Structure formats: C-alpha cells, structure tokens
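So the structure is just underneath, and the comments pick up after that.
The values are calculated or read from the model by the stated rules, or taken from the named source; none is laboratory data. Predicted model only: the values in this text are computed from it and were never measured. Cβ coordinates were reconstructed from backbone atoms using ideal geometry, including for glycine residues, and neighbour counts include every protein chain displayed.
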C-alpha cells in the first residue's frame, strides 16, 4: 500500500462521505461526486512533477489516486486497479460505459467496447468518422470482429499529467454520450451490459410513476393558463420539469437522449421561435415521452457511477448571480395571488443549478435538501426515512437539523482556503409557514449566503 493510499484510508475511515446526503443510496443527476481531499490534491500535484521527471508509472499511480471516489469505509467503486511492477491495468466506470486500459512506462492504452455490429452500416460509419474530427485525444474504431468502440492511445513522452487527465476524460465522457446516441439512432445493441448495475423493479416503477404523473400535472397546469399572457411562466414550468427529471429520475440511455434532444432543440432555435412556439414543442415532446411504454423507460434507469463530471465548475458568486437574475419575475405572481406559479420559478432556479453547475459541496447539499422538501412524497416512496413534511406541514426542526448536519460535515472537510458556510444565518432566515414561503426564503437565503 502506498503512503498516499494509507493517508487517504486513514482520512476517510474517520470522516464522512462528502457527496449528496441521502439515505436511499441512489445517484442524482450529474452531481454524484465526492469532494477531492487535500491528500488527493497532493497526489495530483505529485503526478505533475513525476511526469515532468519522466517517472511515468509513478505518475499514473498518483493520477489514478486522484480519480478515485472514496466511500466512508475507505473503499472506492468507480475504478478498479491491478498494479504490477511494470504496468497498471485499470477499469473506469462512466455512466453506461466501462473504460478498460493499461498504463506503463511508455504509453497509455484505453478502450470502450460499445457494440457488436451484425452488419456494416455505411451511414453509421460515416457518422462516427465525422465525429472523430472533433476529438483531440480519442477516436472511434471498428475492429476486424465488427466491434464498434472508442479508443485512446497516448505516448508518455509527449504527454503531461494534465493531458493524460483530459485524454481519459474525453474518452469517458464522449463514449458515455455517444453510445446512447448511436444505440438510439441506429438501433444497435451494447456489446455487454455486465458492468451496468440495475436498479430494483420497485425503484424503477416508482420513478416511472412519478415521471408520468409530473408530465400530466404540468400539462394540466399549462392548459389552465392563457398561452400568450403566461408564455414565459409556461416555459419556466417545462424547463423546470426537464431539469427535475434529469436530477431526480436520473435517466440514461435512450430516455436521457430524448430529454437532451428536447433541450438542444430549445437552445438551438431559441431566437428563431417565440416562447409560445417553444412551449408547443415542449408539450408535444413531453407527452410523447409519457406515452412510451414502461419497458422502454425502464431500460434507461440503472445505477450509474460518474467518474468525470461534464458540468462547469463555478464559484459561489456565479451561482448566486444566476439565482438572483430575473428573480423579480416572481413578484407579479406573488402580488396577484399566484404564489403557486411563483414557486415554479424558484424550482426552475434550483434544478437548473443542479443540472448545470459543479458547486461548493455545502451548496449542493442545501439544494438537495430543497429537492427533498419539495418532493418529499417521492423520496418517501423511494425508501427515504427522513421526514421533512408531515400532514402537508413543513417540519422546521427536521429541516434545521439537516442544515446543522450539512454544516458539521462541511467543517470536517473544509480546507483553509475554502469559503465559509454561515449556516446559522442561513437556517434562521428560512420561513416554514407554507411551501411558497419556504421556497422563496430558501432561494433568497442562498443568494445572501
């Protein structure tokens, strides 16, 4: 066991896991990650120096140490390593794909086996060749056995630790994205699903039930509003639903692809279409998704491990600026007895942040708490024992206790240069008279943190 590993195990045996706080052992959205500890950051710094000194194998050892996500007991599940005197064999999990490779003193080789083709499809080959142009380090391949995949080949003498990291990340994130797109577009099947851990039937059924009921609820809300006068609010409601599905349902595969296609179409045509036109598309696409059979939806729900985040890391101030922007839009709804509609904007703000930003860990935990309160019945149905709402009344003591826990855990992992979390001021500024008061005060308290 290396000195670095010993330090990390010692640290994690006495500290708390630093990812999203939940008691149901499920991943949420793109935020399934731990905080990198000071020991892991030291490992990364050491890898940079080792590559500069051409001590490549030791450099890889430190890079892979940085890649790990440690659990409370000091174990890790997102990467498997088998190290000998002359090489390191590794397997890295990223969503629906498994990266298998070897690193030695001369090179790094890594592959993702995506699909076994029954026949050669010229349109498919043309598609992947076009995609190859945009990648810096990795490429699609088709071998002699008609296996389609992506590969990475790096010469250590031409690499830095940073380039190695970006190369592996490019392979992992793009393979995870592209395999879903190719499976959907060309009706091909994965080479193997042995590495994919399935969720229980009960969990899948619960997620599908809520997915369909959410679409029904939002459709009814939209139908009750004047499509012209409330076009912006309707847009918020559809986008909030999309980001809510991404975070709580956490789809992958074909369903994830369909969700992101809805979003891509909106952003690509944002200036060319009116909001009313966009809302019409949202309604059509979401209701098409709702009509999918449960087997199709179930195939896109499985336990995922994410090693490399594909979201932008932002400072607290940037996230607060987003939360504050256009928040005055809630005022009209509040003053005209439409607090139920104003909540949609607050929900949109939170779920967009969870979709888009890698953020300070305590902000992530606070936003997850917001989600637990807003969707308390679903969390209960998924098996959560935490009770933040009972008989339609907010349990302020339980919510405040959870905030205290978030603060306590953050203090354990906080380093000297990390920002403060003024949890007492945050906790005391919350209001619990209604869901509206909670949502409004929660978002405003995040802005004032």
Exercise for the section: Could you tell me whether segment 331-338 includes any residue that is outside any helix (DSSP H, G or I), exposed (fewer than 12 other Cβ atoms within 10 Å of the Cβ) and under 26 Å from the mean Cα position of the chain (by Cα)? Expected result: no
Completion exercise
residue 194 fails exactly one of (1) crowded, with 20+ Cβ neighbours inside 10 Å; (2) closer than 30 Å to residue 132 by Cα; (3) without any contact (Cβ under 8 Å) to a residue 60 or more places away in the chain, namely (1)
Exercise for the section: Given the conditions (1) closer than 23 Å to residue 366 by Cα; (2) at pLDDT below 75; (3) buried (at least 17 other Cβ atoms within 10 Å of the Cβ), report the number of the one that residue 26 does not fulfil. Expected result: (2)
Problem - Residue among 412, 380 that alone is loosely packed, with under 14 Cβ neighbours inside 10 Å and in a helix (DSSP H, G or I) - result: 412
Practice task
Give the residue, chosen from 344, 331, that is without any contact (Cβ under 8 Å) to a residue 60 or more places away in the chain and either in contact with a strand residue (DSSP E or B) (Cβ under 9 Å, 6 or more places away or on another chain) or assigned by TED's automatic domain parsing to the domain that holds residue 263 (or both).
Solution key: 331
Exercise for the section: State whether one or more residues within segment 353-361 are at pLDDT 90 or above, within 27 Å of residue 254 (Cα to Cα) and surrounded by fewer than 20 Cβ atoms within 10 Å (Cβ to Cβ). Expected result: yes
Practice task
Among the residues of segment 417-429, write down those that are over 14 Å from residue 360 (Cα atoms) and either in contact with a strand residue (DSSP E or B) (Cβ under 9 Å, 6 or more places away or on another chain) or surrounded by fewer than 17 Cβ atoms within 10 Å (Cβ to Cβ) (or both).
Solution key: 424, 425, 428, 429
Handout entry: Output for segment 37-58, where each listed residue is closer than 18 Å to residue 166 by Cβ, under 28 Å from the mean Cα position of the chain (by Cα) and buried (at least 19 other Cβ atoms within 10 Å of the Cβ)
Key = 40, 43, 47
